[in-house]
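Report on one structure; see the data block that follows.
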Amino acid sequence: MGLLLLFTSTLLSSYFHPWIVVNAEPYFVLRAITLTIEPGANVTRDTSVTLRCHASISSSGQEPLSREYTLYKGSERIYNKVMSTSEDFLHQLPNARLSDTGKYKCEIRIKDKSKTSENVELTVTGLSKPVLHVNNSMVSEGEEVIATCMAPGERGSFYFYFYEDSKEIHNMQASSNQAEARLSINSVGSHIIHCEYAVLVIPFVFKSEQSDTLKVSVTELSIAVSLDISPQHNIYEGDQIDITCSVINFPQRSYKSNLYLSQGDKILKVEEKTTFTHSMIIKAKDSVLFECGLEMGNVKKVTTKKVSVTELFSVPTLTMSPAEVFQRDAITLTCRSENYAPQRLKDEELTYSLEPTLNLQEHGKGVYSVKATFRDINITCIAKARDLMKQSEILAVRPKVRASRPRISVIGRAIIQQPITILCQSDSGSLPINYTLFKGYDALNTISVKDSFQQALFTVTINRADEIKQYTCEADNTKGRMQSESSDRLRAFVTEPLKNPALIVIPEVEQIFEGGHLSLICTVTGTPPVTFKFYQQGNKDPLHTTTSNENHTSYEVPRLSKAHSGKYFCEADNHAHQVVSTELVNIEVRMAIWKKALIGGSCLLALSVLVVVCVLCFKSKRGKREAPAELSVKPSSPKSDDSLTVNLTHDTEVYNADTVKVDKATVSVWSKRPPEDDVVDDEESSVVNSEPDVEYTEVVHPQPVDPNRVPVRKGTDTVYSELQNSPHGAADHHDYQGSVEYAELNGEHPEINHYRPEVNSFHDLPEPVD
């Protein structure tokens with residue numbers, strides 16, 4: 001019944017909660033994993049250390065999950081364990097040693113998930129004292145001592161060190177905590193030995209203290225060697241000698257030994273015997289120190305002996321005369337042995353020869369002549385006597401090349417009164433070469449060129465261009481033994497600095513008008529090409545810059561204006577780089593002539609209009625006139641550009657006077673009479689005497705003049721009109737007729753027509769009525 005209820009409950013749960021799966025694996029989360037060291041991270045030797053790995057896990061199931069723990073030291077995996085409980089993973093390090101020092105970490109893996117703890121470092125301090133043992137404390141010379149060094153209770157990777165009298169004599173690496181070494185103690189007597197060890201904890205090495213010392217005594221073997229040489233005296237080069245090498249008191253026990261004979265660095269003979277003899281022809285150049293030695297294990301016994309050998313003849317020397325030769329020069333080669341033993345060697349037994357043989361001519365024993373070749377050659381001399389042959393040192397014959405004819409030239413530019421650099425150079429020739437500079441027949445200076453990068457450079461100064469041709473140079477490397485080569489005369493283009501600058505103005509400064517053309521010409525003396533610059537004072541930039549192969553150039557201004565007025569100057573420069581400048585030239589651009597004429601005509605026209613206005617004003621004035629007004633022009637026969645004086649006269653009073661210039665154009669003159677003062681009488685206060693303004697108009701029509709004809713008089717009619725009001729209110733009309741004096745400019749014979757005005761009487765006029 002209970003099972004039925006359980007089954008029913010499960011079905012209902014599955015029906016109402018279809019997402020719940022029966023027997024599904026629990027879901028888990030690895031939250032954290034930590035590694036701790038107990039009792040602490042810093043411990044001393046022999047301490048029991050526990051590494052505890054704790055994992056924090058969240059799971060949907062009730063049962064603990066199966067987990068795999070892995071412990072690492074550095075990158076090395078040192079332990080692995082699978083656990084099915086939730087307890088911490090523990091790893092014991094009983095009796096911790098220095099080798100346990102390092103960084104540890106713990107990793108946990110559950111199914112496909114894993115997590116690793118942070119690194120924790122364990123430090124263990126202290127090493128045990130090493131222990132030294134030897135197999136024998138008393139040994140004979142050459143015997144080995146077996147020494148054992150131990151590191152009690154230590155683990156890890158070891159290095160062991162063995163010392164004799166505080167000097168390291170052996171070291172070795174071992175994977176265990178002990179090492180055995182075979183020590184060879186060669187010197188006779190008592191020796192103190194000890195050992196040490198070191199533990200390798202990557203990347204550090206920790207060394208132990210020193211072990212207790214042990215004493216080892218070494219006794220000497222009674223073995224000796226002897227060396228006999230025959231003959232012992234009066235040994236000459238080339239003599240045969242016999243050398244005997246033997247062992248004395250060889251031990252009865254069987255030892256492997258070698259007996260050898262050496263001469264300097266050369267081993268003459270080696271035998272596994274106790275005695276032997278060696279014969280040889282001795283030479284003076286060989287070492288005369290002989291050594292006989294015995295090697296038996298680590299035991300070595302030696303004895304030496306030196307013999308005195310007299311040279312039969314000395315090593316020859318090869319000399320050359322002269323010491324310095326040129327190609328194709330005759331040279332003498334001499335080969336000689338300075339010393340020889342006459343008691344053993346006759347002079348004719350000693351012969352000489354040269355290598356290579358060349359084309360030698362022999363001039364006695366060891367004396368040869370030959371001509372120097374065009375190439376370098378090494379020669380040796382060989383001296384022979386009996387069975388001996390000796391060779392001299394190498395003589396290097398380096399025939400010199402005579403300096404070729406030098407070339408003389410100028411470096412840079414040759415400028416008058418400036419330092420000039422002259423180069424003298426031969427294309428070929430053996431160094432050193434002495435170069436001498438001449439001016440004419442006078443030697444100025446000598447330069448010795450000893451290196452290939454050196455040049456013979458001379459500095460001179462000239463005052464005239466033709467001086468440059470006086471210089472020559474010579475090249476000599478024979479030290480005066482041969483005549484030196486001389487160059488051609490120096491030829492170079494000479495630059496003369498600029499001088500005498502001048503600025504020419506065309507046209508003359510008095511004839512420079514607006515709208516005209518201006519030419520500025522700059523000239524200098526000196527060597528072209530010349531760079532010219534034209535300036536107007538006040539402007540830092542040049543108006544014009546040009547380079548010319550002539551000593552002059554120009555700057556054109558095609559249409560002048562007032563803005564071109566100012567001070568001008570020119571600068572010039574050539575390869576001498578001495579800039580010269582002209583003096584300032586003041587240029588004033590004057591007003592154009594047509595403008596002057598226009599202004600003059602305008603003034604005459606204005607004056608004519610003014611005169612006419614004045615005349616008209618005068619005629620229009622009211623008042624009593626005893627005489628009509630008169631307009632006169634002076635002079636009566638004006639010419640072009642003459643001054644005209646125009647006068648307006650009334651009652652012998654001049655009311656206005658204007659003066660104008662006469663031009664060939666039509667002239668109209670206008671003038672206005674000055675106002676008259678009105679006079680008021682006490683007795684005639686009822687009558688106001690006033691004159692109306694009178695206007696006068698004059699029109700002048702000039703006519704061209706034919707010089708072949710008589711001038712025709714032409715006049716200009718002038719009409720005057722005056723309106724005057726009667727004091728009685730009636731308008732009286734009085735005509736005043738008159739004439740104006742005028743001037744007509746007609747060719748060269750202008751005429752003035754005079755018209756006298758008619759006089760009208762006023763006595764017939766009616767009396768005014770009050």
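The values are calculated or read from the model by the stated rules, or taken from the named source; none is laboratory data. All figures in this text were calculated on a predicted structure; none of them were measured in a lab. In this analysis, Cβ positions are derived from the backbone assuming ideal geometry, glycine residues included, and neighbour counts consider all displayed protein chains. Just the protein is used for accessible areas: all its heavy atoms, side chains included, with ligands, DNA and RNA removed. Shrake-Rupley method; radii C 1.70, N 1.55, O 1.52, S 1.80 Å.
Tell me, which residue of segment 448-465 that is closer than 19 Å to D488 by Cβ and over 30 Å from the mean Cα position of the chain (by Cα) is most open to solvent (accessible area, probe 1.4 Å)? Per the stated criteria, the residue is A465. Scanning segment 262-280 for residues that are touching a strand residue (DSSP E or B) at 6+ places or on another chain (Cβ under 9 Å), exposed (fewer than 13 other Cβ atoms within 10 Å of the Cβ) and assigned to a strand (DSSP E or B) returns I267, S279. Each residue in segment 290-338 was checked for being open to solvent by less than 50 Å² (accessible area, probe 1.4 Å), closer than 18 Å to L354 by Cβ and assigned to a strand (DSSP E or B), and 7 of them qualify. Considered as a group, the residues in segment 145-157 that are assigned to a strand (DSSP E or B) and out of contact with any helix residue (DSSP H, G or I) (no Cβ under 9 Å at 6 or more places or on another chain) include one that is surrounded by the fewest Cβ atoms within 10 Å (Cβ to Cβ), and that residue is I146.
For G364, the requirement of being more than 17 Å from P316 (Cβ to Cβ) and either in contact with a strand residue (DSSP E or B) (Cβ under 8 Å, 6 or more places away or on another chain) or not aliphatic (A, V, I, L, M) (or both) is not met. If you check every pair at least six apart or on different chains, which have Cβ atoms under 7 Å apart with a residue in segment 174-192 that is under 19 Å from K300 (Cα atoms) and aliphatic (A, V, I, L, M) first and a residue that is in a loop (DSSP other than H, G, I, E, B) and open to solvent by less than 60 Å² (accessible area, probe 1.4 Å) second? Listed pairs, sorted by first residue: V188/E141. Taken over segment 243-263, the criterion of being at pLDDT 85 or above, among the small types (G, A, S) and out of contact with any Gly (no Cβ under 9 Å at 6 or more places or on another chain) is satisfied by S246 alone.
Pick out the one residue from L221, L259 that is touching an Asp or Glu at 6+ places or on another chain (Cβ under 7 Å), closer than 30 Å to E144 by Cβ and assigned to a loop (DSSP other than H, G, I, E, B).
Selected residue: L221, the only one of L221, L259 that is touching an Asp or Glu at 6+ places or on another chain (Cβ under 7 Å), closer than 30 Å to E144 by Cβ and assigned to a loop (DSSP other than H, G, I, E, B).
Going by the conditions given, is C335 without any contact (Cβ under 8 Å) to a residue 60 or more places away in the chain and under 60 Å from the mean Cα position of the chain (by Cα)?
For C335, the condition - without any contact (Cβ under 8 Å) to a residue 60 or more places away in the chain and under 60 Å from the mean Cα position of the chain (by Cα) - is met.
Just a yes or no: is a residue in segment 199-212 under 19 Å from N135 (Cα atoms) and surrounded by fewer than 17 Cβ atoms within 10 Å (Cβ to Cβ)? Yes - at least one qualifying residue is present in segment 199-212.
Does at least one position in segment 252-259 carry a residue that is over 16 Å from V302 (Cα atoms) and hydroxyl-bearing (S, T, Y)? For segment 252-259, residues over 16 Å from V302 (Cα atoms) and hydroxyl-bearing (S, T, Y): present. In segment 162-183, the qualifying residues are those that are more than 60 Å from the chain's Cα centre (by Cα) and over 19 Å from S137 (Cα atoms), and the one that is surrounded by the most Cβ atoms within 10 Å (Cβ to Cβ) is N177. Screening segment 506-537 for residues that are open to solvent by 80 Å² or more (accessible area, probe 1.4 Å) and not in a strand (DSSP E or B) and picking the one that is nearest to V494 (Cα to Cα) gives Q537. When T478 is tested against (1) part of a strand (DSSP E or B); (2) polar (S, T, N, Q); (3) more than 29 Å from I415 (Cβ to Cβ), exactly one condition is not met: (1).
Kindly establish whether G142 is part of a loop (DSSP other than H, G, I, E, B) and in contact with a Leu (Cβ under 9 Å, 6 or more places away or on another chain).
yes
Candidates in segment 128-139 are the residues that are open to solvent by 40 Å² or more (accessible area, probe 1.4 Å) and not in a strand (DSSP E or B); of these, the one that is nearest to A151 (Cα to Cα) is K129. For segment 94-108, name all the residues that are within 19 Å of S75 (Cα to Cα) and either aromatic (F, W, Y) or surrounded by fewer than 16 Cβ atoms within 10 Å (Cβ to Cβ) (or both). Residues satisfying the conditions are K103, Y104.
Would you check if D488 is closer than 20 Å to S428 by Cβ and open to solvent by 60 Å² or more (accessible area, probe 1.4 Å)? In short, yes.
Scanning segment 390-435 for residues that are of a type in the set (G, A, S) and open to solvent by 50 Å² or more (accessible area, probe 1.4 Å) turns up G412, S428.
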